[in-house]
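Structure first, then comments.
The values are calculated or read from the model by the stated rules, or taken from the named source; none is laboratory data. Predicted model, so just to flag it, every value in this text is computed and none were measured. FYI the Cβ positions are ideal-geometry reconstructions off the backbone, even for glycines, and counts take in every protein chain you see. What goes into the accessible areas is simple: the full protein's heavy atoms, side chains included, and nothing from ligands, DNA or RNA. Shrake-Rupley method; radii C 1.70, N 1.55, O 1.52, S 1.80 Å.
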Amino acid sequence: MESIKNNFLEARDILDQFISNEKNFEAIRQAGDMLTEALRRGNKIISCGNGGSMSDAMHFAEELTGRFRDNRRALPAMAISDPTHLSCTSNDYGYDFVFSRYIEAFGQPGDVLLGISTSGNSPNIIKAARAARERQMKVVVLTGKDGGKLSSMGDAEIRAPHSPYSDRAQEIHIKVIHSLIHFIELKLEREE
């Protein structure tokens, strides 16, 4: 019973650390502005991550193409999660290339990549960020721990407080994702 309660107390402590740093909210605003501007111009958002972070990337995209809180027009977003693409690319090129090959195929100048890595060091997210840069895309990264190699690769980085466990970073990431979607909806709603 105590371990259950401790999970919630630990999650609250990590969230409190995140909230206490005003730079986190500025980073979310900066990323939200980038994402909104891309959508205004008719560009799209491509998201990616591994494991639970892939689920978060998919959730982000479906909330934009579907709906979050209120009815609005569908917004162009896609998660790199097609199992045939993932298995084909990992078989032919290696798993490090599953996201970058997709960016090479679909990324356009002005699009935005949202890359999610709780360590900040996922090789396939790093390669995706490089491919996005080659396509003149903006890059937003959600990271954890010390930010890893991705910390210097994004136009905006939003980092979960350091924790030895990826689930704590993922809990911050999903709150950030919901905040970004809400931010986008509010900004676009004012214009319609």
| query | Listed residues Asp111, Asp96, Asp82, Asp92; which is farther than 25 Å from Gly147 by Cβ and under 19 Å from the mean Cα position of the chain (by Cα)? | reply | Asp82
| request: Identify, from the list Ile19, Ile46, the residue that is out of contact with any helix residue (DSSP H, G or I) (no Cβ under 6 Å at 6 or more places or on another chain) and open to solvent by 70 Å² or more (accessible area, probe 1.4 Å). | output: Ile19
| request: Kindly establish whether Ile126 is at pLDDT 95 or above, open to solvent by 10 Å² or more (accessible area, probe 1.4 Å), hydrophobic (A, V, I, L, M, F, W, C) and touching a Lys or Arg at 6+ places or on another chain (Cβ under 7 Å). | output: yes
| field | Only one of Ala11, Ala79, Ala57, Ala74 that is open to solvent by less than 70 Å² (accessible area, probe 1.4 Å), over 27 Å from Pro123 (Cβ atoms) and in contact with a Ser or Thr (Cβ under 6 Å, 6 or more places away or on another chain) | value | Ala74
| Single residue of Ala131, Ala105 found to be more than 15 Å from the chain's Cα centre (by Cα), open to solvent by less than 30 Å² (accessible area, probe 1.4 Å) and small (Gly, Ala, Ser) | Ala131
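Rundown of residues vs (1) of a type in the set (Asp, Glu); (2) more than 14 Å from the chain's Cα centre (by Cα); (3) at pLDDT below 95, yes/no style:
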{"position": "Arg135", "(1), (2), (3)": "no, yes, no"}
{"position": "Leu142", "(1), (2), (3)": "no, no, no"}
{"position": "His173", "(1), (2), (3)": "no, no, no"}
{"position": "Val176", "(1), (2), (3)": "no, no, no"}
{"position": "Arg190", "(1), (2), (3)": "no, yes, yes"}
| Can you tell me how many residues in segment 98-156 are aliphatic (A, V, I, L, M), in contact with a Ser or Thr (Cβ under 9 Å, 6 or more places away or on another chain) and over 18 Å from Leu39 (Cβ atoms)? | 10
